[in-house]
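Step one of this worksheet: look at the structure below.
The values are calculated or read from the model by the stated rules, or taken from the named source; none is laboratory data. Computed from a prediction, not measured in an experiment: that's the story for all the values here. FYI the Cβ positions are ideal-geometry reconstructions off the backbone, even for glycines, and counts take in every protein chain you see.
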Amino acid sequence: MQKIKIKKGHDINISGLASREFTTASNPKFVSISPQDFNYVKPKMIVRENDKVSMGDALFFDKNNPDVKWPAIASGVISKIVYGERRAVQEIIIAVDSEIEENTSSVGNLGSSPKAVIKEFLTEKNMWPFITQRPFNKVVNPQDEPKCIIVSLADSSPLANDLSFSLNDKKDDIISALSVLKKLTDGHLYVAVRGNNFSYLSDYDFINLLQIEGPHPSGNVGVILNKVNPINQNEVVWTVQGSHLPILGRLFSKGEYDFSLNINVAGPAVTPSYYKSRMGVQFDCFSKSLKLDKVRVISGNVLTGKKVEIDRFLGFYHSTFSVIEESHERPFIGWLHPGGKSKYSVFNAYFGSNNNSYDFTTLQNGSNRAFVPVDAWEKVFPMDIYINSLARSIEANDVDEMEQLGIYECDEEDVALCSFVCPSKSDVGSIIRTGLDTIYFDK
Amino acid sequence: MNFLRKIFAESGKLVEKGKPLSWAYPVWEAADTIFFSTNKQTSNGPHIRDNMDIKRTMFFVVIALIPCYIFGAYNIGYLNSLALDIERSLLANTLFGLTYVLPILIITFIAGAICELTFAIIRKHEVNEGFLVSCALIPLTMPPDVPLWQVFMGTSFGIIIGKEIFGGVGTNVFNPALTARAFMYFAFPTKISGDKVWAVGPDGYSGATALAIPANPVEYDTASNLFAASTQFDFSLMNMFLGLIPGSIGETNKLLIIGGALFLIYCGIASWRIIASSIIGLVCTAFLFNLLSGFSTNAMLTITPLQHLLIGSFLFGTVFMATEPVTSSHTNTGRWIYGFLIGVLTVIIRSINPAYPEGVMLAILIMNMFAPLIDYYVIQSNIKMRLARNV
């Protein structure tokens with residue numbers, strides 16, 4: 001076991017952390033899968049509205065990479081395909097019907113099969129979307145050879161789904177998923193954990209266990225890779241969401257699709273809790289937990305999640321709904337405010353410490369201004385990268401310099417805290433995304 | 001309050017996009033958000049944000065400067081009473097000084113606001129609160145008896161040439177406040193060169209500032225002896241620390257400057273690395289010069305490191321000017337080098353240069369110029385590390 005200590009960063013003290021117990025919620029009538037959740041995918045539909053689908057059936061494929069197909073995450077009827085501008089597919093909504101017979105198949109012992117067989121299996125079962133890659137944070141190309149695979153079971157983001165609780169009884173599935181994933185790479189299989197969670201993983205030699213210590217973003221795969229095995233140009237690293245391991249494991253060991261997911265609904269505007277639910281669930285199922293009227297529902301965490309309407313669905317890679325108040329308040333001379341419970345800052349700029357948990361709202365807490373480098377980003381950015389210079393090279397559209405400064409190692413989620421602390425209210429994540437897009441479409 | 005809000009809401013409609021007055025939007029936005037915090041919402045990306053913004057950041061720097069203003073005003077009155085040989089109360093001294101400080105301050109802000117707002121409108125960029133800090137700094141670097149028209153000229157030059165022609169706050173190369181001072185220093189040398197005494201006294205009142213004493217001694221002696229021999233002002237270390245000596249309005253009291261520095265470092269606004277490294281640079285160079293002083297008849301070489309720290313405006317410069325985030329180095333390694341060289345250059349310019357008794361202003365401006373180069377080399381080492389790995 002390797003210990004990794006990350007010093008720079010910040011754990012945002014936001015209220016509404018779910019306690020470690022499950023609440024029951026109504027069964028979802030609809031689930032959805034949105035091609036918008038996947039970077040650089042051009043979806044081509046396979047199914048049409050009102051088609052019946054069983055779990056795992058292919059819904060659409062990527063025109064750029066026809067081997068990669070997306071599975072139906074529930075059995076039922078395609079109730080609606082939502083199109084956006086220029087007929088881009090926004091969302092495929094499945095009306096869940098448990099009567100429909102589910103796909104099962106026998107599997108051999110995948111854990112001892114060669115790489116090609118496993119890849120074939122993933123293609124056949126439409127499971128590639130569960131594996132993403134760095135750089136670019138996109139679904140992998142099955143033909144690639146990853147230099148290593150990394151799974152983080154130590155999500156450090158605010159109000160994150162605590163996997164040591166929600167994956168508590170999934171030991172066998174996790175092991176079977178990891179043993180198959182290991183076959184996909186000639187390099188290491190890194191698994192990041194916090195403290196003594198998942199201590200049983202240390203019994204398996206094929207796992208390179210990393211014990212992570214330190215504040216957010218210490219649990220991000222990008223940050224961990226930067227410390228143990230940085231990504232160089234022309235290299236790819238594959239990664240799987242920790243919460244998806246049981247889904248893969250069950251399929252690898254028993255040949256069964258099971259898209260159930262333990263999710264948490266958290267944040268200052270709800271009664272927080274964990275729920276036994278499924279992928280792509282509709283927020284409606286949890287609307288009873290709302291404490292306020294004007295809220296913003298976020299699929300994912302408050303730093304990198306996606307704003308969704310209250311009747312919409314959980315994103316493919318998410319296992320958390322965060323809910324915060326939509327505020328339009330305009331306090332009189334707010335910039336002179338002495339401090340108190342509503343004022344949270346990583347700068348020592350307000351009276352009262354940040355020890356209480358704070359009810360964050362959607363307020364930006366300041367106007368957008370030209371960037372003044374007061375060392376705020378650097379305080380919360382633990383990677384060995386000059387993020388300020390990198391951002392400038394992206395603004396200047398200088399691809400060579402972006403590469404030299406290490407853009408391949410970065411992803412939006414790694415710099416989300418920089419945007420959080422930035423006094424000029426810059427959105428560093430979208431700057432990084434712009435840079436990655438420039439490079440991606442250049443090639 | 002509601003009345004005020006209504007005024008802004010109504011006037012806001014006039015500057016909306018497409019309306020004839022839309023060019024004035026940056027000015028309206030700046031004024032509106034001074035009274036009521038913006039209700040701008042996060043969109044995507046981080047849905048929650050820290051409560052620190054540029055307004056508060058800049059306001060904190062201004063807070064750190066307020067004690068310097070008050071003491072500066074008192075000191076003007078105190079030195080005046082000393083020159084006239086009369087007794088005056090603390091309050092009377094301060095009020096007397098304020099009659100000098102306030103006009104300079106008001107003129108600076110008028111000039112600064114005109115330049116900033118004009119450029120915000122023409123260049124269509126937002127009004128950055130950084131200009132408030134520049135305008136708050138400029139009067140503190142002025143002698144109390146500076147003519148107001150010169151202040152107006154200097155401030156306009158500083159804001160326009162030091163900042164706006166480079167694109168405004170965030171992209172400027174030189175510290176605008178120092179640019180303003182440097183302009184006045186060279187344009188109006190009779191008023192602001194720094195060797196003649198800067199106190200408000202009766203006509204014909206003159207004397208030498210602390211730095212000018214060892215620079216132009218009647219007879220060679222060590223700096224300490226020359227200070228002790230000075231009868232016009234008390235140049236003891238304690239008195240220089242507490243600032244009861246002539247100088248620019250805000251720089252004399254080192255205690256308040258140190259207080260301001262600690263406040264800004266605690267709040268995470270000023271870089272302690274720059275302050276620490278510049279002091280290290282100053283002390284090292286001064287010490288080296290002390291060792292070499294035996295080979296020369298230049299009394300400046302005998303100034304001890306501690307005296308260097310307390311004389312002149314080094315501390316004020318390093319705390320409030322050198323740490324300006326935009327024009328200093330942007331990397332932590334770079335900040336160490338940048339600060340250290342400011343300290344070194346300050347002593348060099350002070351000691352082995354017959355023309356300028358004070359060196360900190362030029363030292364910081366020179367290093368402002370080199371800060372991007374320092375950063376370039378620091379970043380190159382990171383790039384080389386990455387290339388070496390990529391084999």
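To keep it simple, each residue is scored yes or no on (1) of a type outside the set (Ser, Thr, Tyr); (2) crowded, with 21+ Cβ neighbours inside 10 Å; (3) touching a residue at least 40 places away in the same chain (Cβ under 8 Å); (4) not assigned by TED's automatic domain parsing to the domain that holds residue A:159.
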{"site": "A:176", "(1), (2), (3), (4)": "no, yes, yes, no"}
{"site": "A:216", "(1), (2), (3), (4)": "yes, yes, yes, no"}
{"site": "A:220", "(1), (2), (3), (4)": "yes, yes, yes, no"}
{"site": "A:228", "(1), (2), (3), (4)": "yes, no, yes, no"}
message: Based on this model, can you work out whether residue A:156 counts as closer than 23 Å to residue A:410 by Cβ and either out of contact with any helix residue (DSSP H, G or I) (no Cβ under 8 Å at 6 or more places or on another chain) or of a type in the set (Phe, Trp, Tyr) (or both)?
response: yes
query: So, in segment A:319-329, of the ones that are in a loop (DSSP other than H, G, I, E, B) and within 14 Å of chain B (Cβ to nearest Cβ), which residue ends up nearest to residue A:276 (Cα to Cα)?
result: A:326
message: residue B:371 - would you say it is within 14 Å of another protein chain (Cβ to nearest Cβ), under 22 Å from the mean Cα position of the chain (by Cα) and within 30 Å of residue B:211 (Cα to Cα)?
response: yes
field: Filter pass, residue A:162 being of a type in the set (D, E, K, R) and modelled with pLDDT under 90
entry: no
query: When you scan segment B:302-338, how many residues do you find that are part of a helix (DSSP H, G or I), hydroxyl-bearing (Ser, Thr, Tyr) and surrounded by 24 or more Cβ atoms within 10 Å (Cβ to Cβ)?
result: 2
- prompt: Could we say that residue A:109 is within 24 Å of residue A:167 (Cα to Cα), assigned by TED's automatic domain parsing to the domain that holds residue A:33 and exposed (fewer than 13 other Cβ atoms within 10 Å of the Cβ) here?
  reply: yes
message: Only one of B:70, B:76 is in the same structural domain as residue B:177 (by TED's automatic domain parsing), surrounded by 23 or more Cβ atoms within 10 Å (Cβ to Cβ) and in contact with a Ser or Thr (Cβ under 9 Å, 6 or more places away or on another chain). Can you tell me which?
response: B:76
task: Kindly indicate which of B:54, B:63 is in contact (Cβ under 8 Å) with a residue 24 or more places away in the chain, within 14 Å of another protein chain (Cβ to nearest Cβ) and in contact with a Ser or Thr (Cβ under 7 Å, 6 or more places away or on another chain).
output: B:54
statement: Note on segment B:161-178: residues among the charged types (D, E, K, R) and outside any loop (DSSP other than H, G, I, E, B) are B:164
message: Checking the conditions here, which among B:116, B:126 is in contact with a Lys or Arg (Cβ under 7 Å, 6 or more places away or on another chain) and touching a residue at least 24 places away in the same chain (Cβ under 8 Å)?
response: B:126
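Quick grid of which residues meet (1) at pLDDT below 85; (2) in a helix (DSSP H, G or I); (3) not assigned by TED's automatic domain parsing to the domain that holds residue B:74:
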position	(1), (2), (3)
B:151	no, yes, no
B:159	no, yes, no
B:186	no, yes, no
B:190	yes, yes, no
B:205	yes, no, no
B:226	yes, yes, yes
B:235	yes, no, yes
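Could we say that residue A:421 is surrounded by fewer than 20 Cβ atoms within 10 Å (Cβ to Cβ), at the interface with chain B (Cβ under 7 Å from one of its Cβ atoms) and touching a residue at least 24 places away in the same chain (Cβ under 8 Å) here?
no
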- prompt: Only one of these conditions is not met by residue A:182: (1) in a helix (DSSP H, G or I); (2) over 21 Å from residue A:115 (Cα atoms); (3) free of Cβ contacts under 8 Å to residues at least 40 places away in the same chain. Which number is it?
  reply: (2)
- prompt: residue A:332 versus (1) within 7 Å of chain B (Cβ to nearest Cβ); (2) at positive phi: which is the lone unmet condition?
  reply: (2)
- prompt: Of the conditions (1) under 21 Å from residue A:233 (Cβ atoms); (2) more than 9 Å from every other protein chain (Cβ to nearest Cβ); (3) crowded, with 21+ Cβ neighbours inside 10 Å; (4) of a type in the set (A, V, I, L, M, F, W, C), residue A:439 fails just one. Which one is it?
  reply: (3)
field: Subset of segment A:368-413 (residues that are surrounded by fewer than 21 Cβ atoms within 10 Å (Cβ to Cβ), over 14 Å from residue B:379 (Cβ atoms), in contact (Cβ under 8 Å) with a residue 24 or more places away in the chain and at the interface with chain B (Cβ under 8 Å from one of its Cβ atoms))
entry: A:368, A:370, A:379
field: Hits in segment B:83-95 - residues which are assigned to a helix (DSSP H, G or I), surrounded by 16 or more Cβ atoms within 10 Å (Cβ to Cβ) and free of Cβ contacts under 8 Å to residues at least 60 places away in the same chain
entry: B:93, B:94
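Please state which one of A:249, A:242 is buried (at least 23 other Cβ atoms within 10 Å of the Cβ) and closer than 20 Å to residue A:112 by Cα.
A:249
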field: Residues that are of a type in the set (S, T, N, Q) and surrounded by fewer than 23 Cβ atoms within 10 Å (Cβ to Cβ), drawn from segment B:239-276
entry: B:239
